[in-house]
1. Looking at the range 29-68, which of its residues are in a helix (DSSP H, G or I) and modelled with pLDDT of 50 or more?
2. Which one of these does ILE139 not meet: (1) among the hydrophobic types (A, V, I, L, M, F, W, C); (2) out of contact with any strand residue (DSSP E or B) (no Cβ under 8 Å at 6 or more places or on another chain); (3) within 13 Å of ligand 1 (Cβ to nearest atom)?
3. Are any residues in the range 76-105 more than 27 Å from VAL123 (Cβ to Cβ) and either touching a residue at least 12 places away in the same chain (Cβ under 8 Å) or among the small types (Gly, Ala, Ser) (or both), and if so, which ones?
4. Given the conditions (1) surrounded by fewer than 24 Cβ atoms within 10 Å (Cβ to Cβ); (2) away from ligand 1 (no atom under 14 Å from the Cβ), report the number of the one that ALA107 does not fulfil.
5. Can you report the number of residues in the range 69-108 which are among the hydroxyl-bearing types (Ser, Thr, Tyr), assigned to a helix (DSSP H, G or I) and within 13 Å of ligand 2 (Cβ to nearest atom)?
6. Are any of the residues in the range 134-149 at pLDDT below 95 and surrounded by 24 or more Cβ atoms within 10 Å (Cβ to Cβ)?
7. Which of the residues that make up the range 109-130 are over 10 Å from the mean Cα position of the chain (by Cα), closer than 22 Å to ALA183 by Cα, of a type outside the set (Lys, Arg) and away from ligand 2 (no atom under 16 Å from the Cβ)?
8. For a quick check of your reading of the model, give me the residue pairs whose first member lies in the range 117-130 and is modelled with pLDDT of 95 or more, whose second is assigned to a loop (DSSP other than H, G, I, E, B) and among the β-branched types (Val, Ile, Thr), with beta-carbon atoms closer than 6 Å and at least 6 apart or on different chains.
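The values are calculated or read from the model by the stated rules, or taken from the named source; none is laboratory data. Please read all numbers here as calculations on a predicted model, not as lab measurements. Methodologically, a virtual Cβ is constructed for each residue, glycine included, from the backbone with ideal geometry; neighbour enumeration extends over all protein chains shown.
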Amino acid sequence: MTRIFDALKKAEAAREAATPAGGPVTPLHASPSHAPARPAMPRPVGDHGPLPLLGSVEMTDETMREMAALRVSLESAMRDRNPRVIMFLSPQGGEGTSTVTLQFAQALARDPGVRPVLVDVNVRRPTYDLDSSVRGAIISANVAPRGAEPPAVSSNLFVVPCPEDVRRTGLYQPSTLRQVLDASVTGFDWVLLDGPPVLESPDASALGALADGVVLVVQAGRTKRPVLTRAADLLRKAGARVMGSVLNRRVLEIPEFIYRRI
Ligand SMILES: Nc1ncnc2c1ncn2[C@@H]1O[C@H](COP(=O)(O)OP(=O)(O)OP(=O)(O)O)[C@@H](O)[C@H]1O
Ligand SMILES: [Mg+2]
């Protein structure tokens, strides 16, 4: 039996002992006497519900600071929401939507009082693959190359992969996504949708309208302003609430340790 499988079994046993299934959603910053219920565990949606994430992407100190700032901005813009349903989208493919969504989820998951779930909404280039041998989700190799070591279990992070039947159709219908969300996100307080590129995917804008807010991820030095404006216009026309943008792969002109002093 693999180390991963053992760790998963332990995590599942601990979760079952602690989780009243479908229990009440607790406030974001619960006091110790109101310890948050663990997320309700896998409920069938298409082929499966939320699965533990195996593996992670790199988080530098700078990334942690950026993600903390993003969290503060989103929390202050969505004070009354629980869960907060945020969709991350890029104007064009390959700008870093999946990487930034995962970095944000990892930053949230470091806070033991927060229960984030990632939902893969990119049918044509899914971010997560199912690993049925360990009953977990693994990051697709085109997002994060795999090392020789098996990925570690991230105890506080769950993923709803793109259902197989949706992948086969090549298009995520908004009504299907609504069903997937209704069935899968009970007990989570941040629902992070990892979406397809807006200008290349006919379903992106309508899916974005299902979220409470959309964060546009743009690659520094690549995306021109008119392209970003066009994507934001398409989203707004579809009824999505564009909250702002994240500049991915920003290159600092001076070394980071100096940057931090000024
Ligand atoms: N901040 C970053 N630092 C290092 N590598 C990155 C960063 N952001 C993205 N990448 C790399 O760029 C590639 C594309 O990133 P990613 O898959 O996140 O983009 P995407 O917008 O989700 O693409 P797609 O259109 O396929 O969904 C990946 O190999 C990823 O590892
Ligand atoms: Mg992606």
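1. Here is the first cut: in the range 29-68, the ones in a helix (DSSP H, G or I) are 32-34, 61-68.
Within the range 29-68, ASP61, GLU62, THR63, MET64, ARG65, GLU66, MET67, ALA68 meet the criteria.
2. (2)
3. So in the range 76-105, the residues more than 27 Å from VAL123 (Cβ to Cβ) come out as 76-77, 79-80, 82.
Within the range 76-105, SER76, ALA77, ASN82 meet the criteria.
4. (2)
5. Selection size over the range 69-108: 4.
6. Filtering the range 134-149 down to residues at pLDDT below 95 leaves 134-149.
Within this subset, residues satisfying the condition of being surrounded by 24 or more Cβ atoms within 10 Å (Cβ to Cβ) are 136-137.
Looking for residues that are at pLDDT below 95 and surrounded by 24 or more Cβ atoms within 10 Å (Cβ to Cβ), one finds at least one in the range 134-149, hence yes.
7. Across the range 109-130, the qualifying residues are ALA109, VAL114, LEU130.
8. VAL117/VAL185; ASP120/THR127; THR127/VAL143
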